[in-house]
Each structure stands twice: as C-alpha cells, then as structure tokens.
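Chemist: Take a look at this one; I'll ask things after.
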Amino acid sequence: MSGPLLKVENLTKHYPIGAGFLKNTIPVVRAVEDVSFSVEAGETLCIVGESGCGKSTVARLLMRLVEPTGGRVLIYETDIAGLKKHELRAYRRQMQMVFQDPYSSLNPRLTAGQIITEPVENFERLTRKQRNALAADLLQKVGMSPEMMHRLPSELSGGQRQRLGIARALALKPSIIIADEAVSALDVSVQAQILNLLMDLQQQMGIAFIFISHDLGVVEHIGHRVAVMYLGRIVELAQCEALFAKPVHPYTEALIAAAPVADPTRVRLPAPVEGEVPSPINPPSGCAFHPRCPLAVDRCRVEVPPLVPIADGRVVACHVRAPATKVSEDSAVAATDGPGAKSRA
Ligand SMILES: Nc1ncnc2c1ncn2[C@@H]1O[C@H](COP(=O)(O)OP(=O)(O)OP(=O)(O)O)[C@@H](O)[C@H]1O
Ligand code: SF4
Ligand SMILES: [Mg+2]
C-alpha cells in the first residue's frame, strides 16, 4: 500500500434546513467547506476551533455517517465513495471512533466484556472462551483489570468508561481512531491518564489519531500536526510545536491568546478577538473571519483567501499574513500532506 493512510480532498458538507419554495432556495448550513488534509500511519492530527466550526461534521464524513456534498475521502489512495458493501465494511474496520460522552455511547444493558467484543462479533463468531480472552486482553491494553468485564457501564467511573470506549475502538485493530472531544468531559487528572494511554497505544500499535478538541492544552500535549478550523474551513495547518510557538493566522493567534498559558516562558499574545462566530447559514463574504479580524483590509471582504504554503511548511489562509502567488496556490494542496509522525520531536 502506498500514499498516506488517509487523504481528504476538498471535503464539503452543506446541510439543507427548512423548506424552500424551489430546491435551490432551500437554506443550507455550510458546516464544512473545501477541507483538505492527510494523515500518515501512526500520526496524530488534531482539529481545533470554536463550537460549531465543523469539527464533528468532518468526523462524521470520514466515518461515512453522513454523505458529503462534495470532495473525496481516500484510504491508501482508494476513494471510499466507490467502495462496494463488503469493501465498505472492511474500511469501517480500519476506522473507529471514540466519543465525548462514553456513557451515552455504551449500551447500559451490556457488560463491559460484551461491549468490547461486540464489534468483533459483528464480523465473526466467538466461543465463550475466545470472547473472555479477547475482553481480558483489551481491558488490560487500556489499563483495566480483566475482572471488570462483568461490570455494567453504570458500575464504572467516568475514566473507566472512557477506557472501555477506547478498548471497544481497539477491538477491530483499526489503523486510525477518530477521537471527538474524547477527554473533554473528564477531570484534569483523568484526562492526563487517558491522553498518556492514547499515546502509549499509538507507540505500541502504530495507530493514527484524528483528535478533535477545543482544548489547546490537550492538543499541544498530544498532537503532531494541528488543523485550525473557522466556520467550516481550515485556516491554518502546521506542525504542533511550530503552531504554538508562532501562530500565523490571526484566528489561530486569537485562539492561543485566549487559552490558559501552561508554559510561563511563552510570550503572551495580544488580547483575543471579540465577537460571536457568525452563522454558517449566511457566512460573511470573502474571508469569513473578517468581521472579527483586527488586520482586515478591503480585499478580505470580497475574496476567500486560499490556503498558501509558507516558509516552514505550514499552510495559512490569510490575504495579509500569507498573500497568494500563482506558484504558492499550485503547491497548497501538496502542503496539506504532512511529513507525519516521523518528524515529531
Ligand atoms: N444534521 C444537521 N443539520 C443541520 N445542521 C447541522 C447538522 N449537524 C451539524 N449542523 C451544523 O453544522 C455546523 C457544524 O457543526 P459541528 O457539530 O460539526 O460543529 P463542531 O465544531 O463539532 O462544534 P462543537 O465544538 O460544539 O462540537 C453547526 O452550525 C451545526 O449547527
Ligand atoms: S484574510 Fe483578512 S480578514 Fe481574513 S484573517 Fe487574513 S487579514 Fe484577517
Ligand atoms: Mg463537535
């Protein structure tokens, strides 16, 4: 197999809402607009951005829980749109999801053992002995005692339930796990344990992660690369360290300025931008960030800035900070492909 594990090209999702008189007058929520990125085996790509910017919709599109309005998702260069039913099942084995709220995503009537072996039993029959051995192995992988297999979700702590969700995601030996706000509901100390567990599993099993979070502290801890989304679009995609050391897009700068600073040596950035995120039903013209941007110029109100590669390999969509040239526009798509986990410091 060649190429990146996962490649997303110009992915777009518009949700129609309400009923218009004519088909083309139905208003749409522009949840995801022209999003491109790739993920290498064993890499963690984080997706950050304010509530409603389209992070979970990207996850749903990758899992094929919703159909895209446009664009492609390729796994090892195979377009998943063209997969037949049995091929799609194989694809789904490769990509698993861990959710924010483990309680609502775990069947309360099944034991921990049944919950984590269920995905495998959708594909093959297991004897009781095989089922118990698999449950014990997966529970141990996520740092839980095998005896826990007999417990119901209601008999576990929040952290244990999230470990159970991770064990269930591991059951089919996926190449990639999408974690959507997977630690957001947990206490800080339990968060740290779960993040370390995910990083250990990545080291041991070479799993890639798409880690969706609004918490920049968590992202800085776990990410290899970070994609920053604003109103459905990626506005900056960079190596994690470089992004936090020197954000380029004014929105990234604002996000980092608004986040609590764990490192006292880090230079504080100017105050975060003010104002609400505009509606994705009727987004601002040009650069959607322009009503909140302290650097906005006339061009920003009329032209959508393209993603442009800049000196350190990141891509940025900003007329002022990363002005486009013909050459840079041509190479922008290539630059959304990261050098991957190998480059992690
Ligand atoms: N089924 C749907 N129908 C209509 N609009 C939707 C639907 N699902 C999501 N949206 C809208 O799409 C936009 C993106 O939603 P999404 O859930 O992807 O955001 P998010 O970045 O995950 O936010 P959060 O951080 O709050 O989880 C939002 O404006 C949301 O209201
Ligand atoms: S394109 Fe203009 S409005 Fe958008 S971030 Fe850059 S300077 Fe601000
Ligand atoms: Mg979400």
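No value in this document is a laboratory result; all are computed from the given coordinates. Only a predicted model underlies this, so the values are computations on that prediction, with no experimental measurement involved. Using ideal geometry, Cβ is built from the backbone for each residue, glycine included, and neighbour counts are taken over all protein chains shown.
Chemist: To the nearest 10 degrees, how steep is helix 326-335 against the longest Cα principal axis of the chain, on a 0 to 90 scale?
Modeler: Its long axis makes an angle of about 10 degrees.
Chemist: Something else now. Restricting attention to the alpha-carbon atoms of the range 1-100, what are Rg (one decimal) and Dmax (integer), both in Å?
Modeler: In order Rg, Dmax, the Cα atoms of the range 1-100 give 14.9, 49 Å.
Chemist: Now a separate question. Given the Cα atoms of the chain, and with Rh set as the inverse mean 1/r over their pairs in the Kirkwood sense, what is Rg to Rh to two decimals? Mind dumping the intermediate values first?
Modeler: Numbers: Rg = 21.0 Å, Rh = 21.3 Å.
Over the Cα atoms of the chain, Rg/Rh equals 0.98.
Chemist: Is it possible to state the helix-based mean residue ellipticity at 222 nm for the chain, with each DSSP H run of 4+ residues giving -39500 (n - 2.57), the sum divided by total residues, to the nearest 500 deg cm²/dmol? What is it?
Modeler: Mean residue ellipticity at 222 nm (helix-derived): -9000 deg cm²/dmol.
Chemist: Oh, and also: Assign unit charges at the C-beta atoms only (+1 for Lys and Arg, -1 for Asp and Glu), then state the dipole size of the chain relative to its Cα centre in Debye, rounded to the nearest 20.
Modeler: That gives a dipole near 920 debye.
Chemist: Using the alpha-carbon centroid of each, what span in Å lies between the range 107-122 and the range 125-157?
Modeler: 9 Å
Chemist: Rank Val35, Val66, Gly113 by how far each Cα sits towards the positive end of the charge dipole of the chain (+1 on Lys, Arg Cβ; -1 on Asp, Glu Cβ) and give me just the farthest.
Modeler: My answer, from the dipole projection, is Gly113.
Chemist: Between Glu253, Glu50, Glu121, find the one with the highest GNM mean-square fluctuation for the chain; connect C-alpha pairs within less than 10 Å.
Modeler: Glu121
Chemist: Ok, one more. Output the 0 to 90 degree angle, nearest 10, between the alpha-carbon long axis of helix 112-121 and the longest principal axis computed from the alpha carbons of the chain.
Modeler: For 112-121 against the chain, the angle is about 80 degrees.
Chemist: While we're looking at this one, here's another question. Determine the percent antiparallel among the DSSP beta bridges restricted to the chain, to the nearest 5.
Modeler: 60 percent
Chemist: Using Cα springs under 10 Å in a Gaussian network model of the chain, which residue among Asn122, Asn132, Asn196 shows the largest mean-square fluctuation?
Modeler: Of Asn122, Asn132, Asn196, the Gaussian network model singles out Asn122 as fluctuating most.
Chemist: Could you state the angle between the C-alpha long axis of helix 85-94 and the longest principal axis of the C-alpha atoms of the chain, as a value from 0 to 90 degrees rounded to the nearest 10?
Modeler: Value to nearest ten degrees: 90.
Chemist: To the nearest 20 debye, what is the magnitude of the charge dipole of the range 1-114 about its Cα centre, counting +1 on the Cβ of each Lys and Arg and -1 on the Cβ of each Asp and Glu? Before the final figure, lay out the partial values.
Modeler: On the way: 14 positive and 11 negative charges, 113 e Å.
Dipole size: approximately 540 debye.
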